[in-house]
Amino acid sequence: MWSIILSFSVVLAMFLVVGLSANVRRKSTTDDYLLAGRTVHPWLVGFAAAGTNSSGFMFIGLIGATVTDGLSAMWLMVGWIIGDYLAWLVIHRRLRERSEELQAHSVSGFISAGLGTAFPVVRWLCAILTIVFLATYAAAQFAAGSKGLEALLGWPRTTGILIGFALLLLYCFRGGLRASIWVNTAQSFLMISSVMLLLGVALYRIGGMEALWSKLAALDPKYIDWRPQNLSFGFPAFMLSWVAAGAGVIGQPHLMTIAMSIDSENNMYRARRVYFVWYWIFSACCIVVGLCCRVWLNEALNAGYDAEMALPKLASELLPGVLVGVILGGLFAATLSTADTQILCASAALTQDLVPVWGRTYMGTKLGMLVMASTVVMTTLYGPQSVFELVVLSWACLAASLGPILAAQTLRWPLNNILGTAMIVSGLATALVWRYGLELSSSMYEVLPGMAAGFAVYGLARLVWPLPETVPAISLLGEPS
């Protein structure tokens, strides 16, 4: 027990040192606090975005889904990464260029730029949605970290939540987005190293990939069946919905903010290469670890053990205490690497768009961060605890509501407050009805119908309601390779 606590504490201390080191580059300005002065190296952007996007969803949610569904869970990530790649090709570079042109410090401010200030309904609506769903998303990260501490150390979940809150305040409150990006980069290395370590040991103990396959087939053939079961609309529609889920990255303010912080839009392709090499490797490792969990922990899982706790339990059974602490540190790193950026983005929406009087001063901006961090902690303590459910809901709602309008603004399509509001509301309403009214999420992830509704509203409106071309629309092609 003490060896786990010691190595875990050392890992957290290392991250804290990295975060505090970012203060040497800190400037006491809002632009530096929220966007790191738009001067971040592309490799840091790639690694930080990878760590932020992966989060506790991968360590807890994806591995839990693989434990439950078997090999077919891989299509979630295959589709997700394809859609994510398409978004990086089309949106990210242009977002960086356009956001600096508009001097936007938040995603909601960027989306609403040029839509009027007398009654900025789009700005308010985007800010509210950002705050609500990023707070929910960040709460899922704290829940994931606290679950890991509970499984391995027997600590109450409140303890894990408060540890994460304290660490985040120590480096993020002072250093802002730069500190978050530096820490997220370090965390991305620990995440991939720890999951590869556990994967290697698990495969060795099981007897290799061939033995793993045989044992999965003996438990239940569904675990080695690549085809998802009980799909109302068939596999192509299911797959397309997860491609849309990956493309839904354009509706995630915490990831778009990292893209906005890069030193030059012309360096975005370098960040993209780093991001996807890391992401493919990490996703594949998590899927195979989930299959190993199914074999090694089958008896406990059949007895009702929480599938989302499979990774920490597997680590505790296969590794010595010091390495278990490292795995726990990797899990905790995954949760903080997402939560810190999400809280900063939610605080930007609060101070820049919803309560702009706070955003007029550097200290007011930092106060907004403290308010959002406290809100996330309360949401974690009293909200639902399923990491997978919280993440897929938050991601879907943000993608469906903010994704289409962010794409329209990035690509310089004509917009106004009325059309922008209609796009946001239709996308969000469609996603929620699809999930809770029609209950079709298991067959087609609601990001696809939600984003399709937002784009359809825009297309129909342009057919019957011509808007002036205030800026030239730009081609989707022409990005440097």
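Looking for something surrounded by fewer than 24 Cβ atoms within 10 Å (Cβ to Cβ), of a type outside the set (Asp, Glu), under 30 Å from Val40 (Cβ atoms) and touching a Ser or Thr at 6+ places or on another chain (Cβ under 9 Å) - is there at least one such residue anywhere in segment 237-252?
no
From (1) within 17 Å of the chain's Cα centre (by Cα); (2) under 23 Å from Ile405 (Cα atoms); (3) modelled with pLDDT of 90 or more; (4) not charged (D, E, K, R), pick out the condition that doesn't hold for Ala245.
(3)
Please work out if Leu44 is within 25 Å of Gly164 (Cα to Cα), surrounded by 21 or more Cβ atoms within 10 Å (Cβ to Cβ) and modelled with pLDDT of 90 or more.
When the stated conditions are applied, Leu44 passes them.
Would you please name the residue that is farthest from Ser316 (Cα to Cα), looking only at residues in segment 132-165 that are touching a Cys at 6+ places or on another chain (Cβ under 9 Å) and in contact (Cβ under 8 Å) with a residue 12 or more places away in the chain?
Among those residues, the one meeting the criterion is Phe133.
Per-residue answers, yes or no, for (1) within 30 Å of Lys27 (Cα to Cα); (2) in a helix (DSSP H, G or I); (3) not hydroxyl-bearing (Ser, Thr, Tyr):
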| site | (1), (2), (3) |
| --- | --- |
| Val371 | yes, yes, yes |
| Ser374 | yes, yes, no |
| Ala399 | no, yes, yes |
| Ala452 | no, yes, yes |
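Gly114 is checked against (1) crowded, with 24+ Cβ neighbours inside 10 Å; (2) not in a helix (DSSP H, G or I) and fails just one. What number does that condition carry?
(1)
Scan segment 46-67 and tell me whether some residue there is assigned to a helix (DSSP H, G or I), over 30 Å from Pro228 (Cβ atoms), touching a strand residue (DSSP E or B) at 6+ places or on another chain (Cβ under 6 Å) and touching a residue at least 60 places away in the same chain (Cβ under 8 Å).
No.
If you scan segment 410-429, which residues turn out to be assigned to a helix (DSSP H, G or I) and either of a type in the set (A, V, I, L, M) or surrounded by fewer than 23 Cβ atoms within 10 Å (Cβ to Cβ) (or both)?
Within segment 410-429, Asn417, Ile418, Leu419, Thr421, Ala422, Met423, Ile424, Val425, Ser426, Leu428, Ala429 qualify.
Any idea which of Ser112, Ser146 is in contact with a Lys or Arg (Cβ under 6 Å, 6 or more places away or on another chain) and modelled with pLDDT of 85 or more?
One residue alone meets the criteria, Ser112.
Output the residues belonging to segment 253-278 that are assigned to a helix (DSSP H, G or I), of a type outside the set (A, V, I, L, M) and surrounded by fewer than 24 Cβ atoms within 10 Å (Cβ to Cβ).
Glu265, Asn266, Asn267, Tyr269, Arg270, Arg272, Arg273, Phe276, Trp278
Suppose we filter segment 216-234 for residues that are without any contact (Cβ under 8 Å) to a residue 40 or more places away in the chain and over 17 Å from Val295 (Cα atoms); how many remain?
Within segment 216-234, residues that are without any contact (Cβ under 8 Å) to a residue 40 or more places away in the chain and over 17 Å from Val295 (Cα atoms) number 1.
Give me the pairs: first residue in segment 85-98 and in contact (Cβ under 8 Å) with a residue 24 or more places away in the chain and more than 11 Å from Ala259 (Cβ to Cβ), second residue surrounded by fewer than 23 Cβ atoms within 10 Å (Cβ to Cβ) and hydrophobic (A, V, I, L, M, F, W, C), beta-carbon distance under 7 Å, and six or more apart or on different chains, which are they?
Pairs that qualify, where the first residue is in contact (Cβ under 8 Å) with a residue 24 or more places away in the chain and more than 11 Å from Ala259 (Cβ to Cβ) and the partner is surrounded by fewer than 23 Cβ atoms within 10 Å (Cβ to Cβ) and hydrophobic (A, V, I, L, M, F, W, C), are Tyr85/Phe276; Val90/Leu476.
The values are calculated or read from the model by the stated rules, or taken from the named source; none is laboratory data. Note that the structure is a prediction, hence the values are computed from the model and not measured. Backbone-built Cβ (ideal geometry, glycine too); neighbour counts: all protein chains shown.
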